[in-house]
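Note sheet for the following structure.
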Amino acid sequence: MPDEAPKRQEVLATIEGLWRQVDRYLRLVFEISDYQGKSHAEHLAILEAYRRGDVDTAETLVAAHIEEAGDVLAAAFDRTPPG
């Protein structure tokens, strides 16, 4: 459908903007924790749900992933000395 292309571009632009904002924090988390493998598995599960067209599961997985990533990041900051 021709109307999907602009929406797709908007979604991709949003994702890219978010990625740029969180990149430095992801690097910190990945350097000092073992979360990278779990994060990758969660992304694959989200993508799988999307490909199946299972919106409810995809939304649930995204929300859980964001929540857990926030917890991991907060814990990383707690363990990282200032400076």
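Some points to look at:
- All of (1) surrounded by 11 or more Cβ atoms within 10 Å (Cβ to Cβ); (2) more than 14 Å from the chain's Cα centre (by Cα); (3) among the β-branched types (Val, Ile, Thr) hold for THR60 with one exception: (2).
- Annotation note: Cβ proximity below 9 Å between a residue of the stretch 1-27 that is at negative phi and surrounded by 10 or more Cβ atoms within 10 Å (Cβ to Cβ) and a residue that is at pLDDT 85 or above and of a type in the set (Ser, Thr, Tyr) (sequence gap 6+ or interchain) occurs for LEU26/SER39.
- Condition check for GLU48: surrounded by 13 or more Cβ atoms within 10 Å (Cβ to Cβ) and modelled with pLDDT of 85 or more: yes
The values are calculated or read from the model by the stated rules, or taken from the named source; none is laboratory data. Predicted model only: the values in this text are computed from it and were never measured. Cβ: placed from backbone, ideal geometry, glycine included. Neighbour counts: every protein chain shown.
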